[in-house]
1. For segment 91-181, what is the charge dipole size about the Cα centre, in debye to the nearest 20, if Lys and Arg each add +1 at the Cβ and Asp and Glu each add -1 at the Cβ?
2. Going by how many other beta carbons lie within 10 Å of each one, how would you line up Leu279, Leu150, fewest first?
3. Using amide H atoms built 1.01 Å from N in the peptide plane, name the residues 5+ places from Arg397, or on other chains, whose amide H lies under 5 Å from its own.
4. Could you list which residues have their amide H under 5 Å from that of Phe320, counting only those 5 or more apart in sequence or on another chain, with H placed in the peptide plane?
5. Starting from the Kirkwood radius over alpha-carbon pairs of segment 333-414, derive D by Stokes-Einstein at 37 °C in a medium of 0.692 mPa s and give it in µm² s⁻¹.
6. Per the Kirkwood formula on distinct C-alpha pairs, the Rh of segment 82-138 is how many angstrom?
7. Going by how many other beta carbons lie within 10 Å of each one, how would you line up His402, His96, fewest first?
8. Percent relative contact order of segment 91-181, based on C-alpha pairs within less than 8 angstrom and at least six residues apart?
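Every number in this text was worked out from the coordinates using simple rules, so none of it is lab data. Fair warning: this is a prediction, and the values are worked out from it, not measured in the lab. Cβ: placed from backbone, ideal geometry, glycine included. Neighbour counts: every protein chain shown.
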Amino acid sequence: MRTNIYFMKRNGYLLLFFLSGALLFLSVQKDNHLSSTDGRPRYNDMQATQSPAEPDSLFLQPSNPTFFPYPDGLRPQVEFWKKIFTEYTSRQAIIHDRRHVNIIYAVIDMTEEQRYSVKARRKTIGSAINKYKLILRKLNALPHRNMPALSEEEQGVFRMIKDIPGNYPFDRAARNFRVQYGMKDSFQMAMVNASRYLKDMEQIFAQYGLPAELTLIPFAESSFNAHVYSTAGAAGIWQLTRSTGKNYLIIDRYVDERRDHLKSTEAAAKLLSSYYRQLESWPLAITAYNHGASGMNNAVRQTKSRDIETIITTYRGRSFGFSSRNFYPEFLAIVEVTGNYRTYFGEIQFPPPDVYDEFILQDYVKMKTLLKYCSLDRKVITHLNPALNKSVLESRRFLPKHYPLKVPAGMKEK
């Protein structure tokens, strides 16, 4: 049966009709807005239109120290993460000390085989770690630290350990190896991904009275990849867990709004606002995004301090591990690198922001029907609607009624 498609304007809305024995219609919102309601969101709670941004204004300059203090004691950690983001690529494995990250023993340039073979990679890295373990054990057993008996490489390791303030025993260092892969290439890609959404994300955070720099947290969480899932099931650019996400977003058989850049950003704004109200400090609230508010309250009680440097260097909570200790320094590094990205990467070709309209579905419909009769491209629709689950995109389930489907701006009758 031939299907006829009609467009009609009414009260500022564009109505699209399909007539093929059954009636289906959608409406395009006349005005877009960002919702800041505190209640549980509905499918159409948040509407947004991406607006072009000048390249020079995409990323903020380094932050206000009143909001985000930069203690001298954290500088080695910040400088380490700046190197990870700007000097070392994903082809390089950095062997360093877990506790004092500025102690870098070796940088391994991986071959193609080592990159794609876990066995080959572990063998090469394991061999290098064993080498430095032997050096540290030798230094620990060396009588009177007999420097002339050491090779040049052993003397270099000796000096790195001895440059650490306080007493850092060699035998303890021998138990604190860690491997970090470089991120220069992935960080540049994250900047390209972020450029599509940052201005709208900053607008959302402004509505909640939050510092705009907080919108850079997804660099640490997901590299702005909406389709990343952690081993704990956290999803989206903000890496929200399912239990946390359900407090703010719709997560069901049809959609997972944790993958929607802007809706998940509003959820993150509410979550960070809650952390700040509890902890009264942005460094603590930022760290709570990784470690949890209750965990940070425990840290404050045990250290008897709200100073982020004191907590990072002295708190020994069981779950306060490498990721939590480095989350705030990593954030500071991200703010500095993005604010001065030309210094580290040169000019970057940023894509134009996504420009789209939203159709409010007034009935259930399968994706294949929509694609067929509206001449829509599946890849474009998938890109513009990352919250839709695979079963919906593959037409095994219907698109939900009242779902605000994003389509290319200015879509015309074909």
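1. Details: 18 positive and 9 negative charges, 88 e Å.
That gives a dipole near 420 debye.
2. Values: Leu279 20, Leu150 17.
In order of increasing Cβ crowding within 10 Å: Leu150, Leu279.
3. Val392
4. none
5. Numbers: Rh = 15.0 Å.
It comes out at roughly 219 µm²/s.
6. Details: mean 1/r = 0.0816 Å⁻¹.
Result for segment 82-138, one decimal place: 12.3 Å.
7. Values: His402 13, His96 20.
So the ranking, lowest neighbour count to highest, is His402, His96.
8. Details: 95 pairs, mean separation 36.5, N = 91.
Result for segment 91-181 is 40 percent.
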